[in-house]
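What follows is one structure encoded as structure tokens, with my remarks underneath.
Only the coordinates and a few stated rules stand behind these numbers; no lab work does. Note that the structure is a prediction, hence the values are computed from the model and not measured. Here the Cβ is made from the backbone with ideal geometry for all residues, glycine too, and neighbour counts use every protein chain on show.
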């Protein structure tokens, strides 16, 4: 099996989307598949998009899957922050994904009879029932400068059904591969590249992680009162969180010299465990030295 063709967020063009006819399953559910007509390759292929480096604000989202009142499993997803203020690449990605949403809604309008079993649909209703790829928080405004929170993109992470242990609803391995840099570098030709290793996604994908992900378009789904497009994560590179570990405050040399010159005047140690501090306004940091 050949590797899929992956488009970068910057080269993806919604004008090249190709929609299949309505497909129905044995339960009566409907689905429309989306492919990409690649003008550079002169061929049509499945739609994979590589996203720019983005923040994952919530880590892995876990939601209960219920039948009646009983929990029968869990679904997992990841939300990517489309904070365009932090990156021009993210702003461009959101712009292209918004064009993707507009193209899907136009296709629905042109095929409303087969898609929604309606004679026609007005734009206001179409906007209302479509579950956008670019998700807007309820209190967001269309004007980016007036937004309270950034928009997000959500993609599903599926588990390999063969790895799920019967009776353990949270068991199973994610089908999405995750990688991290090792901190070591290798020379490739005239370039230097960091070595990458495969890691456990559950242990390493945390709140606030920065990632580069490849997502796959799984087509248009239809449900009660609405429709939308589902995306799944097939691979991601996780960038390590930059957090302080242990004491990391750098000392100012002037403060250290001032302390060393006046430490005997500032302390009268009674025992190794106890010292009486005579405060001095000019001393900013005090170090206890027993006699």
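Quick notes on this one:
- In nm, spacing of pseudo-spin labels at residue 173 and residue 185 (7 Å Cα→C-beta vector): 3.3 nm
- Rounded to 0.05, the FRET efficiency of the residue 250 and residue 110 pair, given R0 = 41 Å and the Cβ-Cβ distance, is 0.05.
- Kirkwood hydrodynamic radius computed over region 91-236 comes to 18.7 Å, based on all pairs of distinct alpha carbons.
- Each of 93, 108 was scored by other Cβ atoms within 10 Å of its Cβ. Arranged with the fewest first, they read 108, 93.
- Computing FRET efficiency as 1/(1 + (r/R0)^6) for residue 232 and residue 3, where r is the C-beta to C-beta distance and R0 is 22 Å, gives about 0.85.
- Computed over region 157-247, relative contact order equals 26 percent, with contacts defined as Cα pairs under 8 Å that lie 6+ residues apart.
- For the pair residue 127 and residue 194, label points projected 7 Å from Cα toward Cβ lie 4.1 nm apart.
- Contour excess over end-to-end distance, with Cα ends at residue 44 and residue 212 and 0.36 nm allotted per residue: 58.0 nm
- The order of the peptides 53-62, 158-167, 213-222 by mean Cβ neighbours within 10 Å, most packed first, is 213-222, 53-62, 158-167.
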